[in-house]
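Before any comments, here is the structure.
The values are calculated or read from the model by the stated rules, or taken from the named source; none is laboratory data. No experiment lies behind these values; they were computed from the predicted model shown. Here the Cβ is made from the backbone with ideal geometry for all residues, glycine too, and neighbour counts use every protein chain on show. Quick note on the areas: whole protein, heavy atoms, side chains included, nothing else; ligands and nucleic acids left out. Shrake-Rupley method; radii C 1.70, N 1.55, O 1.52, S 1.80 Å.
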Amino acid sequence: MSKMPVKESFISYIARSIKEGLREVLTYNMGRVGLAILVFMVVMSIYSIIVLPGDFPAMWRYVTEPPWIYNPRSALPSWVEYLGFDVSETRTYTAIRPQESRVIINPDDLFRYAPEVERALGARRVALIGYLEVYRVEYNLDSRSYPQDIIVLFNVKASENVNLTNIRVIALLYVTRPDDVILKIGELSVSLNMLNYMKATHEYFSLPYISYYNLNLTLEEMKTYFNIAIFGKPITSREFESLRGTYQITLVLLYIGIDPREISRLIADRSLSVSVDIKVLGTSYGLLGTDIYGRDLFMGLLFGFPVALTIGFLVSLAIVAIGLTLGVISGYFGGRIDEIIQRAIDIIANIPLLPILILVGVAIQTQGWTGWPALSIIMIILVAFSWGGVAIISRSMALSIKSEPYIEAAKALGASTTRIIFRHIIPQIIPYAMAALVFGVPSAIIAEAGLSVLGIDHGLPTWGRLLADAQANRGVAYNMWWWVLPPGLLLGLFSFAFVALGFTLETIVEPRLRRR
Amino acid sequence: MEPLLKVENLKVWFPIRKGFIGTLLGRAEYVRAVDGISFNIHEEETFCLVGESGCGKTTTARAIMMLIDWGDIKSGRVLVKPHEEVLTEISKIQPEAVINGVYVDLFKTRGYANKLMRREIQIIFQDPFGSINPRMRVYDVVEEPLVIHGIGGREERVEAVAKALTAVKLTPPEEFMYRYPHQLSGGQRQRVAIARTLVLNPKILLADEPVSMLDVSIRAEILQVLEELKKTRDMGIIFITHDIALARYICDKIAVMYLGKIVELADSDTIIEKPLHPYTRALMSAVPDVIPENRLVLRNVPIKGEVPSAVRIPAGCRFRPRCVAYDQNSWVQEYCMKEEPGLAEVEKGHYVACWIPIRRRV
């Protein structure tokens with residue numbers, strides 16, 4: 001025989017149904033759109049898993065820790081510039097090379113190679129012998145809004161035989177403004193193993209600044225608005241205007257403590273390397289801006305993709321699996337089992353879910369559970385109270401299929417109950433189950449988002465959680481649309497994808513709904 | 001020659017579900033779908049059960065197929081003479097079900113023995129559109145019995161399926177194996193249904209109105225297939241129909257059923273040529289005539305009224321309220337009122353349950 005009929009297993013039957021279903025879905029526009037969005041979601045999820053660190057939820061929770069403190073706060077997305085928003089850009093100069101690096105024996109050489117040191121307003125005249133590195137970057141300000149801060153990040157690496165505690169570093173930070181005023185905005189003197197980061201501060205320039213411009217400002221005000229002082233020019237004794245043009249930021253590193261020639265050698269043969277990042281924090285940042293803590297909202301949203309898919313699919317799959325199983329059992333066996341299952345459905349259908357979820361949420365918070373365990377409990381409750389609908393429909397389908405003559409025929413052949421259920425009943429219900437599965441996904445996600453907004457904190461940065469944060473931190477009141485819209489839109493898009501797929505599947509499953 | 005199948009005083013009564021108070025107050029009430037019937041079937045014999053709808057033909061078939069909850073079988077037994085190997089297997093695992101060393105009492109088999117016996121009796125249903133799972137390919141449908149009973153390896157199964165399809169004239173079988181039921185005509189589907197029963201090589205084949213849903217033009221093919229199978233496979237066929245003309249065409253013996261009982265049983269020719277029971281006569285005269293000249297002749301069907309409910313069966317003869325002969329023969333009325341006539345052999349091989357022939361003979 002040329003063609004050998006292959007016995008079709010239950011699994012391959014389902015695989016074939018899915019394949020055929022998919023092909024059919026693609027013939028509908030709605031189906032194509034839904035599938036495209038779904039593919040996008042999956043791709044983003046995979047990207048998110050690759051890109052985000054494993055402890056991202058914890059990282060997200062600690063708002064006063066790096067990396068968030070190195071970000072501008074409440075920054076708009078950077079692309080809004082093209083929409084006509086007046087924002088200053090955030091620039092990161094990563095692993096910059098020093099412009100000057102040399103051993104200084106004659107103290108005056110310091111001023112020769114880093115003239116800012118001498119020219120800075122009110123700079124103390126330091127004159128030391130050591131190994132000098134001068135880093136210079138340029139930042140262009142073309143906006144009325146002042147950049148928020150200047151941050152320098154150091155990454156010190158040394159081989160084991162180098163004793164970092166013996167080497168001290170004097171770090172000096174200057175800004176040369178477009179009007180040629182040089183401000184010293186930072187100084188650090190630490191041993192090399194303590195060298196971590198430095199931020200701009202007012203204390204090295206505020207007094208001379210006030211007297212130079214004859215301002216009517218207190219030191220406290222200078223401390224709060226130091227960024228305005230750096231990036232702005234006084235127009236009255238209390239009012240400022242941003243100073244457009246090119247700023248030169250100079251970082252002077254002076255390694256002292258041991259022989260400068262020795263340091264030079266260590267750096268040359270890479271036993272010691274100090275990598276320097278300079279960040280100018282503007283009022284715009286990244287793809288989606290930051291929240292009031294400086295957290296990158298793009299990362300938060302990115303994390304939401306796999307979580308949304310997981311919650312949606314797990315909850316929906318569990319609902320359909322339980323509903324289908326109990327529904328078929330109920331319909332096929334009837335009698336007492338049927339009665340028990342149907343009454344159970346009546347009961348869970350009449351218990352209001354929301355108050356229970358809120359209670360559970362409070363309990364979770366008092367227990368101090370966070371992350372996936374907390375989310376799992378919420379998901380379990382969602383499933384426990386939602387399988388009834390699928391069960392009722394599966395039951396009625398099982399009831400009608402049960403009375404089909406081919407079931408009787410199978411019984412006459414001696415087929416076991418298991419065989420009848422798995423071979424003859426469930427395959428007929430699978431198309432409906434698929435549609436129910438797809439329709440169930442968005443409701444699970446929306447339920448989770450709703451709970452988050454209601455204040456049930458499971459500690460994972462889901463889209464709902466982002467919305468809740470925005471609400472709790474008055475992001476809406478401050479008009480921070482970039483905090484509210486993206487998670488809201490993504491939730492909508494996510495739901496739309498599944499509703500579109502669901503409608504398409506429904507049309508396929510129920511041919512009477514077909515329009516062509 | 002021992003019969004293949006013996007049905008002895010089979011009664012199938014379905015309880016009527018009444019309300020809570022009804023259950024407390026009244027006695028249990030039953031629908032007496034089958035109310036004590038007996039018959040035998042031999043090898044290479046087609047046995048017809050004829051009767052109007054609701055007379056219990058299908059319930060009889062379902063009882064023989066063990067498709068009825070055994071709690072509803074009020075009394076009686078069904079004995080089947082299985083294949084040698086099945087008999088030895090059953091006498092090993094469940095000797096109490098074996099009767100006389102040849103027969104197996106169906107209603108005593110349990111578990112595996114029951115499953116084994118299902119190989120011996122197979123059924124074809126009336127509706128070829130409903131009796132095949134629309135989502136299974138022809139190959140899967142015909143192979144299913146082999147899978148259920150764990151017979152053969154893959155290649156043997158393919159061969160068995162091809163053989164069964166050839167036997168029902170679905171040739172070449174390779175062409176039909178991959179089709180879905182909706183790609184087949186009604187007659188082809190019914191033949192697939194027959195092929196499905198054949199792969200197990202049963203001793204008894206029940207055909208429950210197998211052609212009544214088919215076009216008249218296709219009926220002959222199916223009947224021919226059945227006729228051939230009977231001869232080549234030594235099967236006994238129980239043919240259930242409401243069409244007495246069809247019964248005459250295919251059957252060796254005819255049993256006429258009325259309201260759960262067999263009222264007349266004889267060779268098909270005898271029964272057609274010389275019907276003794278008034279109900280049989282009524283059935284005969286209800287057969288439409290194909291001769292065009294007779295179309296204007298007023299046909300006289302000697303029966304009155306409607307079938308009474310199977311819950312409250314009339315006292316005495318159950319056919320009495322509808323019987324025209326009862327009205328015409330006043331001498332027999334006392335018997336009809338008092339007592340139900342049993343199936344009596346009034347002539348050789350001609351059994352009838354009517355007081356008129358019985359009493360006249362006495």
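Mind checking which pairs have a first residue in segment B:346-358 that is under 10 Å from residue B:274 (Cβ atoms) and a second that is modelled with pLDDT of 90 or more and assigned to a strand (DSSP E or B), Cβ under 6 Å, 6 or more apart or different chains?
B:350/B:266
Across segment B:135-163, what is the total count of residues that are of a type outside the set (Asp, Glu), open to solvent by 10 Å² or more (accessible area, probe 1.4 Å) and either more than 9 Å from every other protein chain (Cβ to nearest Cβ) or touching a strand residue (DSSP E or B) at 6+ places or on another chain (Cβ under 7 Å) (or both)?
Number of matching residues: 6.
Only one of A:144, A:112 is surrounded by fewer than 19 Cβ atoms within 10 Å (Cβ to Cβ) and either assigned to a loop (DSSP other than H, G, I, E, B) or touching a Cys at 6+ places or on another chain (Cβ under 9 Å) (or both); which?
A:144
Restricting to segment B:1-14, give me the number of residues that are surrounded by 15 or more Cβ atoms within 10 Å (Cβ to Cβ) and part of a strand (DSSP E or B).
Result for segment B:1-14: 9.
Of the residues B:118, B:62, B:17, B:32, which is under 30 Å from residue B:322 (Cα atoms), within 14 Å of another protein chain (Cβ to nearest Cβ) and surrounded by 13 or more Cβ atoms within 10 Å (Cβ to Cβ)?
Going through B:118, B:62, B:17, B:32 in turn, the sole match is B:62.
Could you say whether any residue in segment A:246-257 is over 30 Å from residue A:106 (Cα atoms), open to solvent by 30 Å² or more (accessible area, probe 1.4 Å) and assigned to a loop (DSSP other than H, G, I, E, B)?
No; the residues of segment A:246-257 include none that is over 30 Å from residue A:106 (Cα atoms), open to solvent by 30 Å² or more (accessible area, probe 1.4 Å) and assigned to a loop (DSSP other than H, G, I, E, B).
Tell me the residue from A:450, A:440, A:361 that is open to solvent by less than 10 Å² (accessible area, probe 1.4 Å) and more than 14 Å from every other protein chain (Cβ to nearest Cβ), please.
Only one candidate passes the filter, namely A:361.
Does residue B:218 count as in contact (Cβ under 8 Å) with a residue 12 or more places away in the chain and either assigned to a helix (DSSP H, G or I) or surrounded by fewer than 24 Cβ atoms within 10 Å (Cβ to Cβ) (or both)?
Spelling it out, residue B:218 is indeed in contact (Cβ under 8 Å) with a residue 12 or more places away in the chain and either assigned to a helix (DSSP H, G or I) or surrounded by fewer than 24 Cβ atoms within 10 Å (Cβ to Cβ) (or both).
Can you pull out every residue in segment A:394-420 that is charged (D, E, K, R) and either assigned to a loop (DSSP other than H, G, I, E, B) or more than 7 Å from every other protein chain (Cβ to nearest Cβ) (or both)?
A:395, A:402, A:404
Answer with yes or no whether residue B:88 is crowded, with 18+ Cβ neighbours inside 10 Å, over 30 Å from residue A:429 (Cβ atoms), away from chain A (no Cβ under 11 Å) and of a type in the set (Ser, Thr, Tyr).
Answer is no for this residue.
Among the aromatic types (Phe, Trp, Tyr), assigned by TED's automatic domain parsing to the domain that holds residue A:205 and modelled with pLDDT under 90: does that describe residue A:139?
Considered against the rule, which asks whether it is among the aromatic types (Phe, Trp, Tyr), assigned by TED's automatic domain parsing to the domain that holds residue A:205 and modelled with pLDDT under 90, residue A:139 comes out as no.
Specify the residue that is nearest to residue B:81 (Cα to Cα); the eligible residues are those in segment B:186-208 that are open to solvent by 20 Å² or more (accessible area, probe 1.4 Å) and within 14 Å of chain A (Cβ to nearest Cβ).
Out of the qualifying residues, it is B:201.
Which ones in segment A:293-335 are of a type outside the set (A, V, I, L, M, F, W, C), more than 30 Å from residue A:68 (Cα to Cα) and in a helix (DSSP H, G or I)?
A:316, A:323, A:325, A:327, A:330, A:331, A:332, A:335
Assess whether residue B:211 counts as being more than 21 Å from residue B:6 (Cα to Cα), among the β-branched types (Val, Ile, Thr), surrounded by fewer than 18 Cβ atoms within 10 Å (Cβ to Cβ) and out of contact with any Pro (no Cβ under 6 Å at 6 or more places or on another chain).
no
Quick check on segment B:114-147: of everything there that is free of Cβ contacts under 8 Å to residues at least 24 places away in the same chain and assigned to a helix (DSSP H, G or I), which residue is nearest to residue B:218 (Cα to Cα)?
Of everything passing the filter in segment B:114-147, B:140 is nearest to residue B:218 (Cα to Cα).
State yes or no: is residue B:128 more than 7 Å from chain A (Cβ to nearest Cβ) and under 20 Å from the mean Cα position of the chain (by Cα)?
Yes: the conditions hold for residue B:128.
For residue B:75, only one of the following conditions fails: (1) within 14 Å of chain A (Cβ to nearest Cβ); (2) over 30 Å from residue A:17 (Cα atoms); (3) small (Gly, Ala, Ser). What is its number?
The failed condition is (1).
Exactly one condition in (1) in a helix (DSSP H, G or I); (2) under 30 Å from residue B:6 (Cβ atoms); (3) open to solvent by less than 30 Å² (accessible area, probe 1.4 Å) is not met by residue B:224; state its number.
(3)
From B:315, B:245, grab the single residue that is open to solvent by 10 Å² or more (accessible area, probe 1.4 Å), small (Gly, Ala, Ser) and under 22 Å from residue B:11 (Cβ atoms).
Being open to solvent by 10 Å² or more (accessible area, probe 1.4 Å), small (Gly, Ala, Ser) and under 22 Å from residue B:11 (Cβ atoms) holds for just one of B:315, B:245, which is B:315.
Please list, ordered by first then second residue, the pairs with beta carbon atoms under 9 Å, 6 or more apart or interchain, first in segment A:341-370 and assigned to a loop (DSSP other than H, G, I, E, B), second open to solvent by less than 70 Å² (accessible area, probe 1.4 Å) and not small (Gly, Ala, Ser).
Filtered contacts from segment A:341-370: A:351/A:385; A:369/A:377; A:369/A:458; A:370/A:57; A:370/A:364; A:370/A:457; A:370/A:458; A:370/A:460.
Is it the case that some residue within segment A:204-225 is touching an Asp or Glu at 6+ places or on another chain (Cβ under 7 Å) and open to solvent by less than 40 Å² (accessible area, probe 1.4 Å)?
Checked against the condition, which is being touching an Asp or Glu at 6+ places or on another chain (Cβ under 7 Å) and open to solvent by less than 40 Å² (accessible area, probe 1.4 Å), segment A:204-225 yields no hits at all.
Out of A:230, A:235, which single residue is free of Cβ contacts under 8 Å to residues at least 40 places away in the same chain, touching a strand residue (DSSP E or B) at 6+ places or on another chain (Cβ under 8 Å) and assigned by TED's automatic domain parsing to the domain that holds residue A:190?
Only one candidate qualifies: A:235.
Go through segment B:164-185 and give me each residue that's over 30 Å from residue B:4 (Cβ atoms) and either touching a Leu at 6+ places or on another chain (Cβ under 6 Å) or open to solvent by less than 10 Å² (accessible area, probe 1.4 Å) (or both).
B:176, B:177, B:181
If we scan segment A:34-48, do we find a residue that is open to solvent by less than 50 Å² (accessible area, probe 1.4 Å) and in contact with an Asp or Glu (Cβ under 8 Å, 6 or more places away or on another chain)?
Scanning segment A:34-48, I find no residue that is open to solvent by less than 50 Å² (accessible area, probe 1.4 Å) and in contact with an Asp or Glu (Cβ under 8 Å, 6 or more places away or on another chain), so the answer is no.
Take segment A:72-89 and flag every residue that is at pLDDT 90 or above and closer than 27 Å to residue A:274 by Cβ.
A:72, the sole residue that qualifies.
If I ask for residues that are over 19 Å from residue A:176 (Cα atoms), touching a residue at least 24 places away in the same chain (Cβ under 8 Å) and not in a helix (DSSP H, G or I), which ones from segment A:193-220 would you list?
Answer for segment A:193-220, where residues must be over 19 Å from residue A:176 (Cα atoms), touching a residue at least 24 places away in the same chain (Cβ under 8 Å) and not in a helix (DSSP H, G or I): A:195, A:196, A:197.
Quick check on my filter: what residues within segment B:91-115 are farther than 23 Å from residue B:208 by Cβ, hydrophobic (A, V, I, L, M, F, W, C) and within 14 Å of another protein chain (Cβ to nearest Cβ)?
B:113
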